[in-house]
Amino acid sequence: MTATVQPLSGVTVIDFTQVFMGPSCTQMLGDYGADVIKVERPGTGDISRTSIPDAAGLDNPIFLSINRNKRSIAIDTRTEEGRQAVQELVRSADVVVSNFRAGVMERLGLGYDALRAVNPRIIWASGTGFGTQGPYAHKGGQDAIAQAYSGVMWRRVSDDDPVTLYPTTLCDYTTGMHLLQGILLALLHRDRTGQGQKVEVSMYDSMLHMQMQEACQQLNRGSEINWAAMPLTGVFRTTDGALIMVGGFKADPLHHISRALELDEDLSERPEFATLDLQFAHRAELQQIFARAVAGNTTGHWVKRLEDEDILCAPVRSLEQTLDDEQTAVNAMIVEMDHPVAGRIRALNAPLHLSAAPAEIRRVPPRLGEHGTEVLAELGYTTEQIELLREKGVLR
C-alpha cells in the first residue's frame, strides 16, 4: 500500500507558541505532515503545561489537547548559546511561529529581520493580542480581553441580560486558525516566488472579522444586527432540559411554529405579529408564548414536532453528551494515543477531512525537552557539544 503523502511533508516549523492560540495552529500543521519543533522554556515549558493541577503534571490534558505531532526542545533562548542553536534551526526551517506580546521575539533577537538574515526564505508568523502598532499594541492578548475589546461580549439577547464571558476560548481558536491560513498562504506564495515573508494576525482583528455582517450593518446603516435576538429564535426550557428554536429560512415560519407547538391559535394571523418589524416590536410577548408551550413537554417531543414542520431546532446538550454522540464517532472526531506519562489519552481529531491526505498522528504530545538531543544532533551538534549545553543549563 502506498503511504499517504501529507500536504506539509518536508515543511519544518519552529514553534515558539504557548497556551492555545498558537499551539492550535501548529498542531494542525503537524497533523498534515509538518515537522514541528516546539521550543520551550527549560523547567516549565509551555504555560499550558502548568495551567491546571493534574496527576500527569506537565503532561496534563490541556497541554496534550493541542501539542501532538511535535518534538520538544527545552532551551534557554536568553543565552548566546541558546540563540545560536535557534538560529541553526531557522537556517534550514520553513516557518517560525510565535504568539508572544508584540516585541518579545525582537527582544530575544528572533524578530523577522534577524531571522530573515539567517534564512531569506523563512516565513515568520506571529499572533498577538492587538497587533504590533497602535494604542493597544503593548497589551497582552487573552481570550476574555479580546471578547471585551472587540464588542463580542457586549452583544447579548436582551439588554436586561448581564454582560458575561463566553466560556469557550472562541477568540484564541479563531485567531489560531487565521494564523494557520496566513502560514499556508505564505507557503503557497513562496512556492511561486521563492520569497519568504512576515505573517501577522491579532485577536482583535480576528474577532472584528468574525463580526463582518454586524459591522457592515453598523457602518452603513447605523444599526446593530443581533442574530441571537431575532423574534422567532430562542432557547426554551423543557420538562427535561432545553432546546433552541430558530424560526427562519422559510416562508411564514410563525405559522409552522404555531402548529409545531400545538398552540390554540395561529399566531401568524394576529395583526400584532403580521410582519417581521411587528414581531421585533412584540418579541417579549412571542417569547413568553413559546416558553409556556415548550415548558409542558420533553425536549425530544418538541424537537420532533418542530422538525416535522421543518423548523430548525436542536436539544441544548452538554459537552459530555456531544462527545458520546454517534455523529461524533461517525465523523471520527475522537482519536486515542498512548502517552508514556499520561497513559491512554483521548483527544479531538482535526476537523478537516481530506480524502487523499487525512490528518495523521505520528507523534504523541512530547514530554518537556524530550527531543533536545535528537534535534541538535540533526543540526550537526556533537555529543560533547550537547552535553556541554546541558551542563551549562542551556539545554534541559
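What follows is calculated from the coordinates using simple rules that are stated; it is not laboratory data. Nothing here was measured: the structure is a model prediction, and the numbers come from that model. Cβ sites come from the backbone with ideal geometry, for glycine too, and all protein chains shown count toward neighbours.
What is the spin-label model distance, in nm, from I334 to R91 if the labels are put 7 Å beyond Cα along the C-beta direction?
4.7
Top mean-square fluctuation among G141, G300, G151, Gaussian network model of the chain, C-alpha springs under 10 Å?
Of G141, G300, G151, the Gaussian network model singles out G300 as fluctuating most.
What value, in deg cm²/dmol to 500, does the helix sum -39500 (n - 2.57) over DSSP H runs of n ≥ 4 give at 222 nm once divided by the residues of the chain?
So the calculated ellipticity at 222 nm is -10500 deg cm²/dmol.
List, largest first, the extents of the alpha carbons of the chain along their principal axes, each in whole Å.
85, 46, 42
When you count, for each residue, the other Cβ atoms within 10 Å and take the mean per peptide, how do 228-241, 22-35, 313-326, 176-189 rank with the highest first?
Result, highest mean Cβ count within 10 Å first: 22-35, 176-189, 228-241, 313-326.
Taking only Cα atoms, what is the 0 to 90° angle, nearest 10, from helix 170-193's long axis to the longest principal axis of the chain?
The two axes meet at around 50 degrees.
Under a 5 Å amide H to amide H cut-off, with H placed in plane at 1.01 Å, what residues pair with G129 once short-range neighbours are removed?
For G129, whose amide H was placed from the backbone, the distant partners under 5 Å are A102, G141, M203.
Between E307 and I361, what FRET efficiency follows from the Cβ-Cβ distance if R0 is 35 Å, with the result rounded to 0.05?
Rounded to the nearest 0.05, the efficiency is 0.45.
How many percent of the alpha carbon pairs in the stretch 130-244 exceed a separation of 26 Å?
Looking at the stretch 130-244, the distances longer than 26 Å represent 37 percent of pairs.
Give, as ranges by residue number, the residues of the stretch 120-162 whose backbone N falls under 18 Å from the point 7 Å along Cα→Cβ of D113.
Counting only backbone N, you get 120-126, 132-134.
Could you tell me what percent of the DSSP beta bridges with both partners in the chain are antiparallel, to the nearest 5?
Antiparallel bridges make up about 40 percent of those DSSP assigns within the chain.
Number of Lys-Lys pairs in the chain under 28 Å by Cα, sequence gap 8 or more or different chains?
Taking the chain as the scope, the lysine pair count is 8.
Let me have the relative contact order for the chain, percent, based on Cα pairs under 8 Å that are six or more residues apart.
RCO, the chain: 20 percent.
Report the residue, chosen from R292, R155, R190, that carries the largest GNM mean-square fluctuation when the chain is represented by alpha-carbon nodes joined by springs under 10 Å.
Evaluated over the chain, the most mobile residue of the options is R292.
Using the Karplus curve 6.51 cos²θ - 1.76 cosθ + 1.60 with θ = phi - 60°, work out ³J(HN,Hα) for each residue of the stretch 125-140 in order, rounded to whole Hz, and write x for Gly and Pro.
Result, ordered by residue: 10, 9, x, 10, x, 10, x, 9, 9, x, x, 10, 4, 6, 7, x Hz.
Could you check which residue among V199, V330, V364 shows the biggest mean-square fluctuation in a GNM of the chain with a 10 Å Cα cutoff?
For the chain, modelled as a Gaussian network with Cα springs under 10 Å, the answer is V330.
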